[in-house]
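Below is one structure; the comments refer to it alone.
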Amino acid sequence: MTLRRQLRQGGMAALVAVPLLTSPARAGEVWLCLTETRGDGHEVARLPAGPDGAFALSFIHSVSRTPVTDTYHVVDGQIIQTSEVFQAHGAGLPSIANDMEATGWRHEEGKFIIELDRPTGPIPLRIQAQFKNTLHTADTDLPLARLGYNALTLAPCDEERPY
């Protein structure tokens, strides 16, 4: 089942069509903020996460040239990586079952799936159009290169920040 389908089944519809948002989070909602990593660190985009704070990042691996999808949940304001799905081993990808707080490892339908319980903190992202870096939240698939930055940081939004 795709992440998009899982997020839809959770009942969370996309709240916006445009990635730049300025409305505050409602009680119980998790919002994700993308900020400029270089320069002044200003907020570039704000998106609602899926049900239970779920979201995913996908990209084409720079060495193996195959798709990779990392899934996450935000729990108590902390990003937790819950899985990594990939087709071929490459630099930086797990190679043994106990890598990176792995809780499970399997091979299904030609893909390696590692289940994780890995706190990450804010996620630094290097954006290159050829690697198709994409943020998936609820019904939104946001190709990050469209934002026009080559380095972004993804983190839960600070709900106490004035808007």
Open item on the list: What does the extension gain come out to for Ala129 and Glu43, with contour length at 0.36 nm per residue minus their alpha carbon separation?
Closed with: 28.9 nm
Task: Label point distance in nm, Arg65-Thr103, each placed 7 Å from Cα along Cα→Cβ - done: 3.6 nm
Task: Theoretical gain in end-to-end length, Lys111 to Ala151 [0.36 nm per residue, Cα-Cα removed] - done: 11.6 nm
TODO: Would you mind computing, in nm to one decimal, how far apart the modelled labels at Asp76 and Glu29 are, each placed 7 Å from Cα along Cα→Cβ?
DONE: 2.5 nm
Open item on the list: Please list, by residue number, every one of the GluC sites (Glu not before Pro) in the stretch 104-152 that is coil in DSSP and has at most 10 other beta-carbon atoms within 10 Å.
Closed with: Glu109
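Only the coordinates and a few stated rules stand behind these numbers; no lab work does. All values derive from a computational prediction rather than experimental measurement. A quick note on method: Cβ atoms are made from the backbone with ideal geometry, for glycine too, and the neighbour counts reach across all protein chains shown.
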